[in-house]
Structure formats: structure tokens, C-alpha cells
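First up is the structure itself, then whatever we jot down about it.
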Amino acid sequence: MIRSRESIWLPAAAALAVGVLAGWRPLLAGVVGLVALAGWALRTPARLNHVLFVVLFLVPVTVRLGGSGKPVWIVLFTATAVALVGRLQRLRPDEPLASAGTAAFVLPAAGVLAALAHWSGPKDLLFAITPFACYAVITWHVVAEARRDPAAFVRLARFLAWLGVPLALLAIHQRATGGWPVLDELAVSNAFTSSAGAGRSVATTGHPIVYGAYCLMSVCVALTLRGRAWPVPFAAGVVGLLLSGSRSAWIGVGCAAVVWYLARRPRLTRRGLTVVAATAAGATALALAGPAPVRGTVDMLRARLTDVGGSSSATARYSRYEVAWDALTGGVDRVLFGLGPEAHVRFFEQVGIGDHLAQTFDNSFLTLWYDLGLVTLLPFVALLVALVARARSLAARLLVVGMTAQIFFFDFYLWPCAAAVLILAAGLAVVDQGADADHSPAPVAGVGAGSPAGAGKDHT
């Protein structure tokens, strides 16, 4: 009886202490939680993988994390350190260090080569190459872990999709209240607050587009890897996509859906059509006669879908493309090697475009070409194509196709959450679709498997 009481009161006291700390000092509560998570994870390499993706996906880079360093570097260096610790724990004298994941090091190597053609100093080179080097180290570790234990990596991907459920609840709260708790108070700039979000939700990511990238991951993983109660994280991802108002994420999910349809050849079912019709009817009723937050969400979505081609963000993108293209076509050396590391940063700081919008090219491929030329852009594209062509799982293909479409509309290099989607895809690419036995054969609402053999497989 005494042990039973202790087992009840100890977790209760811990939960109460966490609640008091979160209400008194939210940032301190987050730090304590991360320290506790790190202590739990250091016991086994497999647990480190959970910590690695939690840091990449959930820690925002738009808030002050303490000290004088920029949040994005804190997150990147922390995640890289976790990956290196994981590699050291797995180190065996008889096992080679190189693996399929080491292909990611081609990107920083190509960047250094391009930088030598337009040398602007070691500082610019360091700032330009460091994100690619960090992502390469993390990818190397993730791919090695996925090959070592495919079933565990599939469970990790499902866990990350399920994290989208509490994030969707937080996004609903943000939409209902019109604010981003904690993120607003600690934001490094007004551009990363709810006042600039125009009613869109961000969960913990700090930016609607980045939250859209996370939801894209959640939807694709839930749809392809299934697992128990998979419609729950799938629905949470869809809700998050809508509340993020990220048109680039919507385009990415649309492209992923096309790939999924072509791969699965689903068939219509009466039960599925009934579920889809009931869901559509319920959503329509909520939109027309629901509470004020729901009607406000509908208005936000309507505004995001109205005059997409003539919106301020679209016209700003056109002008940015013209500027970048004019600069790149100034010589063969610029086409091949770009204008030098951090060239786009210098342009927007020294010249800029006076439209009061984000001072970026809003296109990851164009930014990479502008800075480091085709010498770096072509290897990046080749890596994406190789992931799609050589991936063993449909989940990896969907993630790569969806993110490739989305990053065409924003610069993702300094958003670890967005980059983590591609890193997760790299890990799933070496995992067979049926790696985990807990794979539900139930069809998606409205469609079924095309054949019995395929029933259980699988800044705008």
C-alpha cells in the first residue's frame, strides 16, 4: 500500500512542479524539460534519435534562447552535438565510418569549391557553409541509425507524426486567442510575432510556413506508415495545415498526394465515400454556423486563396526573381560559381527591395544558385532526385517531393524544422516499406488499396 501511494504521489508532485514552473517561467520550464530529456536520452543511442528530432522539430529559432548567440545556431549546434554523440556511442573499430548518409557531405564540399572562385573572406564562407555541414553530420547519423534498426526508425517517424496532435491543439488555441503564448514575449523580432502572422498559427515553430512543413511531414508519415489509430495524427496534420495558412505547404502536400495516388492506385469504397461526405458536410456546417474562431479561420483561408497570383507576396517574388536572374546572367563564372557566400545577404542589406516584405529571394534553389552557383545547386538537386529514385519506402518519396515543392517558395536553410523533414526522408529512404510489422492495412477514408498485395504497404 505504501509503495502504491508513493507511485501515485511522486508523479503527481512532479506534474504539479512542472505546471507551477511553466506558469511562472515558461522558458525555464522548457530548459529543464530539455535537460531532463537529454539525461534520459544519453542512456542509449536509440533514445538520442528522439532527442535529435525533438530539438530540430520543436525548438523554435525565433525566440531568445539565452546568451548572445542567435537561436538558429544554438539549435543547429545542439542537434549536431547530439548526432556526434550518437555516432561515438555506435563507434566500432571493425565498422566503416562511411555510409549512404555521407553523400550529404558533397553539398558543403561543393560550397567551399564555389566560394574559392568569389572569395569574400572566411567569415562569409563560415556562415554560408556551416548549416550545410551541420545538416550533413546529422544526415550521416540518421541514415546510419535507420539502416541499423529499420523498425525502430519507423516507430520514431510515427512518434514524430503523433507529436503533431498536441501541436494541433496548440495551433487551435493560438487561432482562438489570436496570440502565440511565449513565442510573442520572447520573439527576436516583431516579424515573428502573432501581430505579423495575420491570424495564422505556428504551434512551437515560430513561423506559419515552417509549421506547414511540419504538418506536411505528419500527414505524409501518417498516410504511408500508418500504425495504430493513424487517422488521428493524419487529421491533426490536416488541421495544422489549414491553420498555418501556408500556401507553399498546401502545394507540397498536393504534390505528395499525386505521388501517393500514382503509387497506390487506390479504389473508391462506399464506406470511404460516406465518411468523406459526412466530413465535408460537417466542415461546411461549421464554416457557415460555427463559433466565431471557426468562421474567422474560414475567412483567413478564403483570403489566402484569393488572387494568389496577384498577391503582394507573389508580385514581390516576381521582382526578386528578376533581380537574381539579372545578376546571375552577368557572366559564365556567376552562373557556375554564383556571386559568393552570403551574397544574397549583402544584397538585401546594402541594396534591398523596398516592399517591406522579407528580404530574401523566397526560393531555396535560387538562393543557393545566387550564392554558390550551379556547382553547388546541381549536387543538391541530384541528392533530392536520388532520394526519390532510390528510396525504399513511399513515405520517403512523399516527403522529398512535398518538401521540394515547398522550398521552391521559401528559403529553408536556416529553419532546422524544415530541414529536418528532408533529413527524416533520408533515413526513411533506406528503410523497407514493411520494416515494421505494425502496419495497418486499413484504407484511407474514401479510397482503398488498388490490389490485395498492396493493401498493407505502405514564403507564401
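Observations on the structure shown:
- Only one entry of Asp371, Asp362 meets the criterion of being surrounded by 19 or more Cβ atoms within 10 Å (Cβ to Cβ), at pLDDT below 90 and within 30 Å of Asp333 (Cβ to Cβ), and that entry is Asp362.
- Put simply, of Ile209, Ile129 the only residue that is in contact with a Ser or Thr (Cβ under 8 Å, 6 or more places away or on another chain) and among the β-branched types (Val, Ile, Thr) is Ile209.
- Of the residues making up region 69-89, those that are under 15 Å from Ser189 (Cα atoms) and either out of contact with any Phe, Trp or Tyr (no Cβ under 9 Å at 6 or more places or on another chain) or at pLDDT below 85 (or both) number 3.
- Scan region 77-129 for residues that are part of a helix (DSSP H, G or I), more than 22 Å from the chain's Cα centre (by Cα) and polar (S, T, N, Q) and the total you get is 1.
- Given (1) within 13 Å of Leu167 (Cβ to Cβ); (2) assigned to a helix (DSSP H, G or I); (3) not hydroxyl-bearing (Ser, Thr, Tyr), index of the condition Ile251 fails: (1)
- Selection from region 168-184 of residues that are out of contact with any Ser or Thr (no Cβ under 6 Å at 6 or more places or on another chain) and surrounded by 24 or more Cβ atoms within 10 Å (Cβ to Cβ): Ala168
- Breaking point among (1) modelled with pLDDT under 80; (2) loosely packed, with under 15 Cβ neighbours inside 10 Å; (3) β-branched (Val, Ile, Thr), for Val298: (2)
- Members of region 226-254 found to be β-branched (Val, Ile, Thr) and more than 15 Å from the chain's Cα centre (by Cα), listed by number: Val232, Val239
- Scanning region 37-66 for residues that are at pLDDT 85 or above and more than 25 Å from Cys215 (Cα to Cα) yields no hits at all.
- Per this entry, Leu223 is not counted among residues that are buried (at least 19 other Cβ atoms within 10 Å of the Cβ) and within 15 Å of the chain's Cα centre (by Cα).
- Test: Leu242 is within 27 Å of Val59 (Cα to Cα) and of a type in the set (A, V, I, L, M): yes
- Within region 249-258, the set of residues being closer than 17 Å to Ser218 by Cβ and of a type outside the set (Phe, Trp, Tyr) comprises Ala249, Ile251, Gly252, Val253, Gly254, Cys255, Ala256, Ala257.
- Within region 327-345, being under 27 Å from the mean Cα position of the chain (by Cα) and part of a helix (DSSP H, G or I) holds for Ala343, His344, Val345.
- The single residue among Ala343, Ala405, Ala396, Ala419 that is crowded, with 18+ Cβ neighbours inside 10 Å and in contact with a Leu (Cβ under 7 Å, 6 or more places away or on another chain) turns out to be Ala396.
The values are calculated or read from the model by the stated rules, or taken from the named source; none is laboratory data. No experiment lies behind these values; they were computed from the predicted model shown. Cβ sites come from the backbone with ideal geometry, for glycine too, and all protein chains shown count toward neighbours.
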